[in-house]
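> Starting off with a structure, shown below.
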Amino acid sequence: MTARILDGNKIRDQIFAELSDEVRLLTSAGVRPGLAAVLVGENPASQLYVKSKIAACEHLGIASALLTPPATASTLDLLAVVEDLNRDNDVDGILVQLPLPPQVDTKRILEAVDPAKDVDGFHPVNLGRLVSGRPGLVACTPAGCMEILRRNEIKIEGANAVVLGRSDIVGKPMALLLMHANATVTICHSKTRDLPDIVRRADIIVAAIGKAAYVEPDWIKSSTGGGPGAAVIDVGTNRITDPEQAERLFQNFPGRLEIFRAKGSSLVGDVHPDAINTAGSLTPVPGGVGPMTIAMLMSNTVKAARLRRASPKFSATQSTASAR
Ligand code: GUN
């Protein structure tokens with residue numbers, strides 16, 4: 001049986017519909033949510049990401065500002081930019097697009113962002129709140145993964161969840177969110193022994209290791225045993241350009257192979273595409289976690305505006321996505 005597809009675009013659209021109502025209400029009461037994006041230098045991938053974040057703001061009626069310091073900017077230059085945004089009352093969310101140029105002390109910049117405006121959830125204060133189960137702003141990609149699980153009614157409580165990857169941005173916060181939702185969580189990384197056997201026990205798999213098609217289909221619990229089969233959340237977005245690798249990965253997907261041949265590249269997750277034949281449910285790449293990251297950034301921006309500027313009467317208008 002093929003896996004149920006966990007469609008991130010569909011959930012993004014639902015969340016956008018909820019958020020645009022909330023933005024309209026806030027704006028009519030004089031609190032128009034605002035996001036400032038800081039894009040340093042001219043990294044094409046970062047430019048593309050930031051462009052789609054600004055487009056999402058425009059779609060929802062959130063005010064946006066784009067600051068583009070040059071690639072030669074120093075740590076002190078960027079600290080000054082962040083301080084200005086911290087002081088600007090029209091700015092509810094500050095997004096410093098990563099990676100920053102090598103001469104910049106990234107941690108220092110992220111720690112300079114006012115935690116109340118930290119819509120990426122990268123500030124140690126927000127990470128600390130997450131560790132201790134207090135309300136705060138949560139990193140967008142793991143928050144988006146949780147939203148996919150919840151809105152597809154995948155049971156988290158009591159589930160064996162395996163998180164592949166231990167990054168500060170995805171793996172660690174993801175594991176904490178799953179643990180707070182009462183899953184039994186195992187975090188795996190490059191030094192983990194017997195990885196396939198650990199993954200085989202998982203009811204929920206979150207793959208965030210950044211290696212194309214690393215998770216093999218036969219590591220994934222299938223529904224043949226009587227249960228629903230594992231839910232697989234694939235955070236990876238790896239661009240492959242090697243035709244031989246594409247032939248191997250897409251041998252059962254002639255359509256994808258054709259597109260690869262036409263474009264010379266393709267996006268592949270951390271999970272092998274053939275996992276569609278073993279998993280119970282699965283996020284596609286593209287179209288799974290990616291759109292959710294932007295949805296949660298918008299949700300965090302609206303939440304930050306509500307918490308920082310709006311009076312308590314607005315709390316009744318919270319959407320599900322932004323209510324955490
Ligand atoms: N670079 C890659 N992913 C992200 C993200 O989620 N936020 C920011 N600010 N930069 C990134």
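> Take peptides 36-44, 119-127 and line them up by average Cβ neighbours within 10 Å, highest first, as a rough protection proxy. Show your work: numbers first, answer last.
On the way: 36-44: 18.2, 119-127: 21.8.
Packing proxy ranking, top to bottom: 119-127, 36-44.
> What's the center-to-center distance, using Cα atoms, between region 93-164 and region 252-292 in Å?
Here the answer is 25 Å between Cα centres.
> Classify the chain: rounded, prolate or oblate, from the alpha-carbon gyration tensor (a ≥ b ≥ c, eigenvalue square roots; a/c under 1.5 rounded; otherwise prolate if a/b is larger than b/c)? All intermediate terms of the calculation are to be shown ahead of the outcome.
Values: a/c = 1.76, a/b = 1.46, b/c = 1.21.
Because a/c hits 1.5 or more and a/b exceeds b/c, the chain counts as prolate.
> Let me ask another. Out of the DSSP beta bridges found with both residues in region 140-290, what percent are antiparallel (nearest 5)? Display every interim value, and only then the final one.
Numbers: 3 of 19 bridges.
Of the beta bridges lying entirely in region 140-290, close to 15 percent run antiparallel.
> List the lysines whose Cα lies under 16 Å from the Cα of residue 155, skipping any in the same chain that are fewer than 8 positions away.
By straight Cα distance, residue 155 reaches 221.
> For the chain, what proportion of DSSP beta bridges, expressed in % and rounded to the nearest 5, is antiparallel? Could the numbers behind the result be given before it?
Values: 3 of 30 bridges.
Percentage antiparallel, nearest 5: 10.
> If packing is taken as the mean number of other Cβ atoms within 10 Å per residue, what is the order of 267-277, 80-90, highest first?
Working: 267-277: 22.5, 80-90: 14.8.
Top to bottom by mean Cβ count within 10 Å: 267-277, 80-90.
> Using a cut-off of 23 Å between alpha-carbon atoms, which lysines can reach residue 117, once sequence neighbours fewer than 8 places away in the same chain are excluded?
51, 53, 107, 172, 303, 313
> What 222 nm value per residue comes from the helices of the chain, counting each DSSP H run with n ≥ 4 as -39,500 (n - 2.57) and dividing by all residues, nearest 500 deg cm²/dmol?
Values: 11 runs with 132 residues, N = 324.
Helix contribution divided over all residues of the chain: -12500 deg cm²/dmol.
> Could you report the accessible area of residue 77 in Å², rounded to 10, computed with a 1.4 Å probe on the protein chains as they sit in the structure?
Ignoring ligands and nucleic acids, residue 77 comes out at about 80 Å².
> Same structure again: How do the peptides 215-222, 278-285 rank, highest first, by the average count of neighbouring beta carbon atoms within 10 Å per residue? List each step's numbers first, then the result.
Values: 215-222: 19.9, 278-285: 24.0.
In descending order of packing, they fall as 278-285, 215-222.
> Continuing with this model, one more query. With a Förster radius of 51 Å, plug the Cβ-Cβ distance of residue 150 and residue 72 into 1/(1 + (r/R0)^6) and report the FRET value to the nearest 0.05. Mind showing how you got there, number by number?
Details: r = 44 Å, r/R0 = 0.86.
After rounding to 0.05, the efficiency reads 0.70.
The values are calculated or read from the model by the stated rules, or taken from the named source; none is laboratory data. These numbers come from a predicted model, not from an experiment. In this analysis, Cβ positions are derived from the backbone assuming ideal geometry, glycine residues included, and neighbour counts consider all displayed protein chains. The accessibility values were calculated without ligands, DNA or RNA, using every heavy atom of the protein model including side chains. Shrake-Rupley method; radii C 1.70, N 1.55, O 1.52, S 1.80 Å.
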